[in-house]
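Report on the structure given below.
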Amino acid sequence: MSGPAEDKFSKYRRATSEDRPVTWPGWAAAGVLLVLAVAAWMHAIPVYFPSVAGPAPAGHTAGMPSATRVGTWKRPGELAVVYFDVGQGDGIFIQTPNGKNVLIDSGEGKTPDSRYLKMIDAGSRIILPFLQQIGVRHLDIVMASHPHSDHMGSMYEVIGDRHITVGQLWISGFIYSTVSNKKLLKTAERRKIPVFAPQPGQLPHKLDLGPEISAYVLCGDPNAEDANNSSIVLKLIYGRVSFLFTGDAEKDAEKTCALRWGQTLKSDILKVGHHGSKTSSTPVFLNQVRPEAAVISVGSYNTFGHPHAAPLERLEKIGAKIYRTDEQGTIFVFSDGKSYRVEPSRL
Ligand SMILES: [Zn+2]
């Protein structure tokens, strides 16, 4: 059954044109043309392009992860994918063999969208300290799968951190006027980070993560009926090992994506959609992805009842081994392109 919290979640409204978080500061004509040219080249629409300076962001201090883990961070030539334990939410860091860095979602921040979500401040407490420990000073791509705060509530802190530079910010493009979204776009503007959103008619979009990695935005729809179903779906391939990232895609988005891509969705490791909600991991989708391993990013004792029994059963039925951040902590996956190993760890 849907709990009251899920019902509450479904009430999030589409923002109207009066309160769109994206503003359009006075671009010079040449600047606009340049942006459009870049957009055409990238097959994506830049939603925001920068110009205003602002105060320096606050530093981060607490929550350093274990030095032991970081000291043995990863072997040369390995791809690492880290599914952080950010409580109820998603936060995923990827480092490619040649040192490209990607952040997909960043967990809850200081202003949750819903009273059913706890203030976690995952950016300052978990993600930034981790990046600092492993010596990351540049994120090539930061991606907010969709604009719910349990995925991007602390993202403005990450992209605003003075120790970090960011190449591109990707958002689903779903218009959603919340404090954390406004802060995210304002911070991108202040730091002159170009922002892109997928355009369904122009997908797949290949992301440049070096020659040994193939990474494609496969699905994502700014005009979806709700924020969850606008989620960016990303497939990443290293040699013979593949990953699928789904944000909070639910059955509508899963169906659209499965019909469009079929077996192209096949992936070894699936980030399970929407924290294991019963409205995700539908058979039509799982039958195409057929993952060996399924990672559920979910908070202990969350009030949404995630993960539900039905998707867990569906995952087990197709033979996926399930990993859960609430039970096992942060889930590290390492791959040399031939095989992979999963190492859960409490940071
Ligand atoms: Zn979520």
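Laboratory data are not the source of any read-out in this text; all were calculated from the coordinates shown. Predicted model only: the values in this text are computed from it and were never measured. Reconstructed Cβ throughout: ideal geometry from the backbone, glycine too, with neighbour counts over all protein chains shown.
Shape annotation for the range 86-203: C-alpha extents along the principal axes are 40, 37, 25 Å, from largest to smallest. Judged by the mean number of other Cβ atoms found within 10 Å, the most tightly packed of the peptides 267-274, 336-343, 233-240 leads the ranking 267-274, 233-240, 336-343. Protection proxy ranking for 128-137, 86-95, 247-256, using the average of other Cβ atoms within 10 Å per residue and placing the highest first: 86-95, 247-256, 128-137. Packing here is the average count of other Cβ atoms within 10 Å per residue, and on that basis the peptides 214-227, 97-110, highest first, run 97-110, 214-227. With the cut-off at 1.5 for a/c, could you classify the range 194-291 from its C-alpha gyration tensor as rounded, prolate or oblate? It comes out oblate by the Cα gyration axes.
Applying 1/(1 + (r/R0)^6) with R0 = 22 Å to the Cβ-Cβ distance of Arg290 and Asp252 gives a FRET efficiency near 0.60.
The orientation-averaged projection of the convex hull spanning the C-alpha atoms of the range 162-249 amounts to 6.9 square nanometres.
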